[in-house]
Amino acid sequence: MLSTETINDVLVVQVTERRLDASKAPAFKTEVAALTEGGVHRLVLDLRKVDFIDSSGLGVIVSCLKRLGPSGNLAIAGANSAVRRLFTLTRMDRVFSIHDTPEAAVENMLA
Amino acid sequence: MKIRDLILVLTIGLGFTLVLVAVLFLRDELARLDTAQRLQASNNVRQELLVASTALARERTKTFLQLTAYHHAEITENTGRLRRDADAALAGARMALAEGEALMPRARQSADILAEAQGELAALRAQIDRISAQGNGNLRRREANAWLTEATRLIDQLQSARLDLLNDNRPSDAVLAAEANIRAFVDILHESIAYNEAIGVALLASEGRARTDLATTLQRTIGEIDLAWQLIGYELDTALPPSILAAVQKAHENHLRTYNPLQLTLVNAAPNLTMDVMMVAWEETSDQRLQELGDLQEQLIVSSRSRLDSLVANAQRSGFIVGLATLCGVLAAVLILLVIRRRVIAPIGRISQAMVRLADNDLSTPVPRATRSDEVGVMTNALRTFKANAIARQRTQQELHRVHEDLKATYGQLRHDLEAAATIQLAMLPAPDTVGGISHTGLYSPSSLVAGDTYNVIAQPDGSVGFFQIDVAGHGAAAALVSVAGQHTLSQAILTRRREDRLEDIVAEVNRDWPEDLPYFTTILGEIDPTAPVARMVQAGHPSPVLIRSDGQVQYIGGSGFPVGMLPQARYETLEFAFRAGDRLLIYSDGVIETENPAGDLYSEARLLDLIAEHSGGSTADLLTALQKSLRNWRGRSELTDDVSVLVVERTNSRSNHAIH
């Protein structure tokens, strides 16, 4: 459900599922936990392929941020309008920085 | 047809064929034995007849010579001994005929002929003895000629009887046939030489016309002798025993060397000239030839008899062997049948019965342990394995069935529990009512039995009416339990609210105290002022509610806010908005706008707003019914994937409302 790449030493995790909902959330949480094991503090979540995120999906994304620790930095890239609306509604746009592309997210993160 | 019957039929067929072949062989062997025995019997009679006719021929010639008294005194033989020889041979022939009566069709007839010949011979001898005693020379010579003729006739009868017997039982064996023929020809030779011995002596003593006749007779007989030798010569092409061949050739050579020159001299001799010398020489030579032919005859008889004996012995031996082989064959067939029955048919029958019963799931069928390592043993062991596997499989199935029953029972219990929980959860929702001038109606549709959605409307001590809707992240039992906790917490917070506590403080406090390991929830917490035409609300991650004005205008109000239980330090704001009599606030969980149609499109805020606008003129109940119907149509055949709940609060035209005006 995830594919990863590294851009300028920043781990970019792409969600390859169309929906991130209650049925996918536990697996997503487990996989991200495995990827960030061993002190990863910066993470870009690429949501370009995701059409829909429900409350459970949002919950696991926040739990990912918490896993990154107090100095952790989680950025969202490529979220569609529905997903952006969810972030806005729940004010997660104030917690995560939201960008159009992973590259932009990485650049912003390193700046 | 069962294998058992098939093997039975095949084995019996094999045994029967074996017996049939053996019987055919045995019949042939018995026929050979019978033939050999017939030949032997016939040969015995013919042998005696041969001896008899030989002896009689000599008796005849010697008696003739005695009667005519031509012969020299020294060469006169004792006719008594010759008579005894002839009688003994004739008696022997009759005895042999009696012994072999069953084997020779002509035995009785031949015996009668012999008896008659014996009678005639006895009469002739008596006549001769009487004449001899008288001593009249002329009478004796006349009687001598009569004797010669009669005796010769008797000899011919014996020979004829012998040839009849030979023709009845002509041997198929080439050597035996050749020997029989040679014996017949040698007999003719013997008879002819014996006859000519008498004729030759008579010829030497005669003269004139009688001499001419005798010479003619002599020469005719000599022709018969030559013919006999010639016929014997033909038989020599057969593979005769070497001793017989040598004896025949020697006799012929001796004949050609001694007898032929003498007969020429005899025919051409002058009368009375050398009578005595010639007579002696003729008699001597004739007797030598007769002796030699007698010996040859004896050799032939011995050879034929031994050959016949060996033929009989062979036939008996082959008969015995074939009989033994037949017996062995039958025994083998029976043995094979018994072995196959015991080692194959019976165990296969038992195995097939066990297989049929096992196939019928009768696992108590006993399958005894195999004691053999052959195919039957392998089959038995395979069947035992099959049975063991079947028993194991049956146990597994029983175990599975038991587990399944347990699961069913557990599931039933769980479902029962959930149904009870659902009843309780439903009971916790406020029924449509009017509290402090505020009427409220709800719509509640869980995706499973219980829901993570809940709502409540509570009149506060100060007269204001508090309300909230909660949507716990996720759904199902866990979300339902959390929703109960959330409802209790918010309800208590409203009931125990102090006058100075603002709405956003209540939400912030709940958020701060919310256990980290519980799912978060979104909520709209609001209150309707009893004294002023306003209402206030805190939006915490919940979708923006719809404000339905009394005149039918609809609009979303609010914007955003942190969910409760996600970030402990989150801050919240209270939104205050005009809420007059007839105004309605419709709060809904995200399950409404996120309901998907079969194509995957969301119901969306826009459609919700359109539907509400369409029905904003009607009653709240009608509006909710229309919404429910619209959502169901949108969803199509499928079940809901998320909990759906709606709460509508309305300021009625109450006393407090009038107070404002």
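The values are calculated or read from the model by the stated rules, or taken from the named source; none is laboratory data. Here the structure is a predicted model, which means the values were calculated and not measured. Ideal geometry is used to build each Cβ from the backbone, glycine not excepted, and the neighbour counts take in all protein chains shown. Keep in mind that these areas ignore ligands, DNA and RNA; they rest on the heavy atoms of the full protein, side chains included. Shrake-Rupley method; radii C 1.70, N 1.55, O 1.52, S 1.80 Å.
Among the residues of the stretch B:449-483, how many are among the hydrophobic types (A, V, I, L, M, F, W, C), more than 14 Å from chain A (Cβ to nearest Cβ) and open to solvent by 10 Å² or more (accessible area, probe 1.4 Å)? Give the derivation first.
Filtering the stretch B:449-483 for residues among the hydrophobic types (A, V, I, L, M, F, W, C) gives B:449-451, B:457-459, B:465, B:467-468, B:470, B:472-473, B:477-482.
If we keep only those that are more than 14 Å from chain A (Cβ to nearest Cβ) too, we end up with B:449-450, B:457-459, B:465, B:467-468, B:481.
Add one more test, that the residue is open to solvent by 10 Å² or more (accessible area, probe 1.4 Å), and what stays is B:449, B:457-459, B:481.
The qualifying residues number 5.
Consider B:ALA508 carefully, then state whether it is more than 16 Å from B:VAL644 (Cα to Cα), among the aliphatic types (A, V, I, L, M) and away from every other protein chain (no Cβ under 14 Å). Steps first, answer last, please.
Values: more than 16 Å from B:VAL644 (Cα to Cα): yes; among the aliphatic types (A, V, I, L, M): yes; away from every other protein chain (no Cβ under 14 Å): no.
No.
Please go through the stretch A:80-96 and pick out each residue that is open to solvent by 10 Å² or more (accessible area, probe 1.4 Å), assigned to a loop (DSSP other than H, G, I, E, B) and more than 9 Å from every other protein chain (Cβ to nearest Cβ). Talk me through it step by step, then tell me what you get.
So in the stretch A:80-96, the residues open to solvent by 10 Å² or more (accessible area, probe 1.4 Å) come out as A:80-82, A:84-86, A:88-89, A:91, A:93-95.
Now narrow it down to the ones that are assigned to a loop (DSSP other than H, G, I, E, B): A:80, A:91, A:95.
The one that is open to solvent by 10 Å² or more (accessible area, probe 1.4 Å), assigned to a loop (DSSP other than H, G, I, E, B) and more than 9 Å from every other protein chain (Cβ to nearest Cβ): A:ASN80.
Could you look through the stretch B:539-557, keep only residues that are part of a loop (DSSP other than H, G, I, E, B) and buried (at least 21 other Cβ atoms within 10 Å of the Cβ), and pick out the one that is farthest from the other protein chains (Cβ to nearest Cβ)?
B:PRO545
Residues of the stretch A:1-39 being part of a strand (DSSP E or B), hydrophobic (A, V, I, L, M, F, W, C) and either within 14 Å of another protein chain (Cβ to nearest Cβ) or farther than 20 Å from A:ASN73 by Cα (or both), which ones?
At the first step, the residues of the stretch A:1-39 found to be part of a strand (DSSP E or B) are A:2-7, A:10-15, A:19-20.
Of the ones still in play, those that are also hydrophobic (A, V, I, L, M, F, W, C) are A:2, A:7, A:10-13, A:15, A:20.
Scanning the stretch A:1-39 gives a single hit, A:LEU20.
Conditions tested, residue by residue: (1) among the hydroxyl-bearing types (Ser, Thr, Tyr); (2) at pLDDT 90 or above.
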{"residue": "A:GLU31", "(1), (2)": "no, yes"}
{"residue": "A:THR36", "(1), (2)": "yes, no"}
{"residue": "A:LYS66", "(1), (2)": "no, no"}
{"residue": "A:GLY69", "(1), (2)": "no, no"}
{"residue": "A:LEU74", "(1), (2)": "no, yes"}
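Taking into account only those residues within the stretch B:283-325 that are of a type in the set (D, E, K, R) and free of Cβ contacts under 8 Å to residues at least 12 places away in the same chain, which is least open to solvent (accessible area, probe 1.4 Å)?
Initial filter on the stretch B:283-325 (of a type in the set (D, E, K, R)): B:283-284, B:287, B:289, B:292, B:295, B:298, B:305, B:307, B:309, B:317.
Next, only the ones that are free of Cβ contacts under 8 Å to residues at least 12 places away in the same chain stay: B:298, B:317.
Values: B:GLU298: 100, B:ARG317: 136 Å².
Among them, the one singled out is B:GLU298.
Look at B:GLY466 and say whether it is of a type in the set (Gly, Ala, Ser) and either within 18 Å of B:PRO545 (Cβ to Cβ) or not assigned by TED's automatic domain parsing to the domain that holds B:LEU647 (or both).
In short, yes.
Quick one: count up the residues across the stretch B:502-531 that are over 29 Å from A:GLY57 (Cβ atoms) and open to solvent by 30 Å² or more (accessible area, probe 1.4 Å). Spell out how you get there, then give the answer.
Filtering the stretch B:502-531 for residues over 29 Å from A:GLY57 (Cβ atoms) gives B:502, B:505, B:527-531.
With open to solvent by 30 Å² or more (accessible area, probe 1.4 Å) added as a condition, the list becomes B:502, B:505, B:530-531.
Going through the stretch B:502-531 one residue at a time, the tally reaches 4.
Quick grid of which residues meet (1) part of a loop (DSSP other than H, G, I, E, B); (2) of a type in the set (A, V, I, L, M, F, W, C); (3) within 14 Å of chain A (Cβ to nearest Cβ); (4) under 19 Å from B:TYR520 (Cβ atoms):
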| position | (1), (2), (3), (4) |
| --- | --- |
| B:ALA532 | yes, yes, no, no |
| B:ARG536 | no, no, no, no |
| B:SER560 | yes, no, yes, yes |
| B:PRO568 | yes, no, yes, yes |
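So which strands (runs of 3 or more DSSP E) are wholly in the stretch B:407-465 and hold at least 1 residues that are under 15 Å from B:VAL484 (Cα atoms)?
On the way: elements: B:433-435, B:438-445, B:453-459.
So the answer is B:438-445, B:453-459.
Between B:THR620, B:THR641, which is hydroxyl-bearing (Ser, Thr, Tyr), within 20 Å of A:ALA22 (Cβ to Cβ) and either touching a residue at least 40 places away in the same chain (Cβ under 8 Å) or not assigned by TED's automatic domain parsing to the domain that holds B:PHE468 (or both)? Steps first, please.
Numbers: B:THR620 fails: within 20 Å of A:ALA22 (Cβ to Cβ).
When all the criteria are applied, what remains is B:THR641.
Check whether at least one residue in the stretch A:62-79 is touching a residue at least 60 places away in the same chain (Cβ under 8 Å) and touching a strand residue (DSSP E or B) at 6+ places or on another chain (Cβ under 7 Å), and report yes or no.
Pass one, the stretch A:62-79, residues touching a residue at least 60 places away in the same chain (Cβ under 8 Å): A:77.
Next, from what is left, pick out any that are touching a strand residue (DSSP E or B) at 6+ places or on another chain (Cβ under 7 Å): A:77.
Yes, the stretch A:62-79 contains a residue that is touching a residue at least 60 places away in the same chain (Cβ under 8 Å) and touching a strand residue (DSSP E or B) at 6+ places or on another chain (Cβ under 7 Å).
Of all the residues that make up the stretch A:40-61, how many are open to solvent by less than 50 Å² (accessible area, probe 1.4 Å) and either within 14 Å of chain B (Cβ to nearest Cβ) or more than 16 Å from A:ALA77 (Cα to Cα) (or both)?
Taking the stretch A:40-61 as the starting set, the residues that turn out to be open to solvent by less than 50 Å² (accessible area, probe 1.4 Å) are A:40, A:43-47, A:50, A:52-61.
When the remaining residues are screened for being either within 14 Å of chain B (Cβ to nearest Cβ) or more than 16 Å from A:ALA77 (Cα to Cα) (or both), the result is A:40, A:50, A:52-61.
Of the residues in that region, 12 qualify.
Which of the numbered conditions does B:GLU29 fail, given that it passes all the others? Conditions: (1) open to solvent by less than 40 Å² (accessible area, probe 1.4 Å); (2) charged (D, E, K, R); (3) free of Cβ contacts under 8 Å to residues at least 40 places away in the same chain.
Only one criterion is unmet by B:GLU29, namely (3).
Has the stretch B:505-517 got any residue that is over 23 Å from B:ILE557 (Cβ atoms) and among the aromatic types (Phe, Trp, Tyr)? Outline the logic, then answer.
As a first pass, look at the stretch B:505-517 and keep what is over 23 Å from B:ILE557 (Cβ atoms): B:509, B:512-517.
Filter once more, keeping what is among the aromatic types (Phe, Trp, Tyr): B:514.
Yes, the stretch B:505-517 has at least one match.
Looking at (1) out of contact with any Gly (no Cβ under 8 Å at 6 or more places or on another chain); (2) surrounded by 15 or more Cβ atoms within 10 Å (Cβ to Cβ); (3) at pLDDT below 95, which one does B:PRO568 not meet, given that it meets all the others?
The single condition B:PRO568 does not satisfy is (2).
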